[in-house]
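K.L.:
Okay, here's the structure, questions in a sec.
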Amino acid sequence: MAISTLGSGLDIPSLVAQLVAAERAPVEKRIGRAESAAKTELSAIGSLKGAFANLKTAVDKLRKEDGTNARITNVPEDAGFTASAATSAAVGDYDIQVKNLATAHKLTSAGKPADAKIGTGKLVIEAGDTKIEVEIKEGRNTMADIRTAINTAAAGKGVTASLVNADDGQHLVLTANDTGTEGKLRITTTGGDGGLSMLTFEPGVSGGMSETVAAKDAKIIVDGLERTSSSNSITDLLPGVTLNLTKAKPDETFTLKVSTDNDALKGTLQGFVSSYNTLMSLTKSLTAYNADTKTGSALTGDSMVRGLQAQLRNMASEQVVALKDLGVKINTDGTLTLNTSDLTKALAEDPGALSRMFSSKDVEGADSSYGAKLEDMLANVLEDDGLFDSRADSLNARLKTYDKQYEDLDRRMESLQTRYTAQFTAMEQMVTQLQTSSGFLSQQLG
């Protein structure tokens with residue numbers, strides 16, 4: 001509605017807008033301050049939860065066997081074998097001699113022209129416990145056809161067929177998929193026209209395919225004790241140690257050293273110390289108070305954060321001696337410092353010290369170690385609907401109430417604007433009427 005301002009000379013729309021803005025400002029500022037504080041607190045809770053989660057990841061790594069019992073192997077160059085060790089491997093030295101490697105059985109047929117028809121019938125191939133039956137039919141019985149038929153029937157198990165084109169013709173080559181005597185090949189035929197007999201193989205029987213590589217088991221001597229294996233990868237000779245044989249060295253002995261991987265342990269413990277310090281520094285900054293400006297931080301005075309700080313400090317203080325023995329010092333501000341030289345010395349004297357600190361079960365299987373207590377505390381804090389989730393839910397609910405307050409404020413201001421506009425419009429109409437009456441009276445009196 002257009003508002004005439006000829007009578008009073010006032011800019012009513014501008015005046016109404018200023019009056020509404022003046023009424024709106026203090027309420028809007030109050031809501032804004034509360035909303036900003038809630039958002040800041042919510043962000044701080046999110047940062048704190050992230051720092052606690054990072055610490056839990058570091059603790060979980062120390063709680064695992066590979067976190068505190070990492071092993072490393074050392075093998076001389078060109079020893080004929082490589083080695084890797086799991087955490088269960090015993091620390092020690094082992095004299096090893098590779099007598100021979102395990103080989104896969106290989107057979108080769110006589111040479112034939114590529115388009116020669118070999119024969120029909122059924123090939124029965126035995127490779128260890130695997131039995132493969134291959135039907136060879138008329139019209140699909142060249143060397144290439146038979147190779148394809150064998151590989152299709154075998155489907156990657158037991159044997160692999162291939163072709164070699166030599167000066168005397170095309171040869172069918174069969175190779176056992178498994179090394180050692182367990183994968184040894186035996187080939188017979190049934191039915192057909194007898195032409196497939198050139199592809200048979202039975203130990204001690206002449207004719208058929210020729211043995212180009214004999215099936216042989218690996219043989220290894222460890223500390224004077226002999227062990228044979230159908231595979232060149234041996235996992236059960238030394239508990240926790242995997243040996244991969246690469247070359248026969250029958251007249252040479254090499255020493256395998258299995259030791260604690262101190263570098264890995266240092267890295268794992270340093271990761272824990274760094275995560276712990278990051279968390280302690282974050283809690284300090286989020287609860288700090290500036291006495292000069294008399295301003296607090298996002299969580300200054302927060303009882304939840306103070307409680308979590310106290311729990312972490314108390315658990316560390318209970319282990320002050322054990323931590324010191326591992327080269328970990330508790331500083332006055334609650335942070336930790338790791339001396340890697342002291343840790344190396346401690347592990348040399350007692351390789352299981354770090355493991356006991358973070359995972360030590362008693363005779364009944366209960367774990368009361370520092371790591372176990374810390375893990376339980378962190379799990380409770382970080383669980384769904386735990387302290388952080390509950391606080392975040394509460395803050396998000398509070399933020400929704402501020403949205404509602406803004407909506408209510410908008411409605412009140414619209415109503416106020418309507419009321420002010422109506423009042424000033426009525427005033428304008430009255431002033432106009434009075435001016436009209438004044439002009440009429442002046443005219444009459446004149």
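The values are calculated or read from the model by the stated rules, or taken from the named source; none is laboratory data. These numbers were taken from a predicted model, which means no experiment stands behind them. Quick reminder, even Gly has a Cβ in these numbers, built from the backbone with ideal geometry, and neighbours come from all protein chains shown.
K.L.:
Tell me which of these Val213 doesn't satisfy, since it passes every other one: (1) of a type outside the set (Phe, Trp, Tyr); (2) out of contact with any His (no Cβ under 9 Å at 6 or more places or on another chain); (3) at pLDDT 95 or above.
P.N.:
Only one criterion in (1) of a type outside the set (Phe, Trp, Tyr); (2) out of contact with any His (no Cβ under 9 Å at 6 or more places or on another chain); (3) at pLDDT 95 or above is unmet by Val213, namely (2).
K.L.:
Being modelled with pLDDT of 95 or more and over 14 Å from Leu312 (Cβ atoms) narrows it down to one residue among Thr255, Thr260, Thr268; which is it?
P.N.:
Residue meeting the stated conditions: Thr255.
K.L.:
Counting only residues that are among the polar types (S, T, N, Q) and crowded, with 20+ Cβ neighbours inside 10 Å, how many does the range 57-94 have? Spell out the reasoning first.
P.N.:
Of the residues in the range 57-94, the ones among the polar types (S, T, N, Q) are 57, 68-69, 73-74, 82, 84, 87-88.
Add one more test, that the residue is crowded, with 20+ Cβ neighbours inside 10 Å, and what stays is 68-69.
Of the residues in that region, 2 qualify.
K.L.:
Quick one: in the range 369-388, which of the residues that are in contact (Cβ under 8 Å) with a residue 12 or more places away in the chain and of a type in the set (D, E, K, R) is nearest to Glu318 (Cα to Cα)? Please lay out each step first, then the result.
P.N.:
Taking the range 369-388 first, the residues in contact (Cβ under 8 Å) with a residue 12 or more places away in the chain are 369-375, 377-379, 381-382, 387-388.
Narrowing further to those that are of a type in the set (D, E, K, R): 373, 375.
Working: Lys373: 11, Glu375: 15 Å.
In this case the residue turns out to be Lys373.
K.L.:
Suppose we filter the range 96-125 for residues that are in contact with a strand residue (DSSP E or B) (Cβ under 6 Å, 6 or more places away or on another chain) and among the charged types (D, E, K, R); how many remain?
P.N.:
Counting residues in the range 96-125 that are in contact with a strand residue (DSSP E or B) (Cβ under 6 Å, 6 or more places away or on another chain) and among the charged types (D, E, K, R) gives 4.
K.L.:
Among the numbered criteria (1) over 27 Å from Ala90 (Cα atoms); (2) among the small types (Gly, Ala, Ser); (3) free of Cβ contacts under 8 Å to residues at least 40 places away in the same chain, which one does Ala366 miss?
P.N.:
Ala366 satisfies every listed condition except (1).
K.L.:
I would also like to ask the following. Which of the residues that make up the range 264-301 are out of contact with any helix residue (DSSP H, G or I) (no Cβ under 8 Å at 6 or more places or on another chain), within 21 Å of Lys324 (Cα to Cα) and β-branched (Val, Ile, Thr)?
P.N.:
Val273
K.L.:
Let me ask something additional. Would you check which residues across the range 274-324 are farther than 21 Å from Ser36 by Cα, within 32 Å of the chain's Cα centre (by Cα) and in a loop (DSSP other than H, G, I, E, B) and list them?
P.N.:
Across the range 274-324, the qualifying residue is only Gln319.
K.L.:
Pairs under 9 Å by beta carbon, first residue on the phi > 0 side of the Ramachandran plot in the range 182-207, partner of a type outside the set (A, V, I, L, M) and in a helix (DSSP H, G or I), six or more apart or different chains?
P.N.:
Gly207/Ser197
This table checks each residue for (1) surrounded by 12 or more Cβ atoms within 10 Å (Cβ to Cβ); (2) among the acidic types (Asp, Glu); (3) modelled with pLDDT under 85; (4) assigned by TED's automatic domain parsing to the domain that holds Gly32.
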| site | (1), (2), (3), (4) |
| --- | --- |
| Leu323 | yes, no, no, yes |
| Ser341 | no, no, no, yes |
| Ala346 | yes, no, no, yes |
| Leu354 | yes, no, no, yes |
| Asp393 | no, yes, no, yes |
| Thr401 | yes, no, no, yes |
| Glu407 | no, yes, no, yes |
| Arg412 | yes, no, no, yes |
| Gln417 | yes, no, no, yes |
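K.L.:
Residues that are of a type in the set (D, E, K, R) and not assigned by TED's automatic domain parsing to the domain that holds Gly139, at least 2 per element: which strands (runs of 3 or more DSSP E) completely within the range 178-252 meet that?
P.N.:
Working: elements: 185-190, 210-213, 218-222, 225-229, 233-238, 241-245.
By residue number, 225-229.
K.L.:
Let me ask another. Considering only the range 29-75, state which residues are hydrophobic (A, V, I, L, M, F, W, C), more than 20 Å from Asp393 (Cβ to Cβ) and within 21 Å of the chain's Cα centre (by Cα).
P.N.:
Leu55, Ala58, Val59, Leu62, Ala70, listed by residue number.
K.L.:
So, Glu182, is that one within 21 Å of Lys122 (Cβ to Cβ) and either surrounded by 15 or more Cβ atoms within 10 Å (Cβ to Cβ) or not basic (Lys, Arg) (or both) or not?
P.N.:
no
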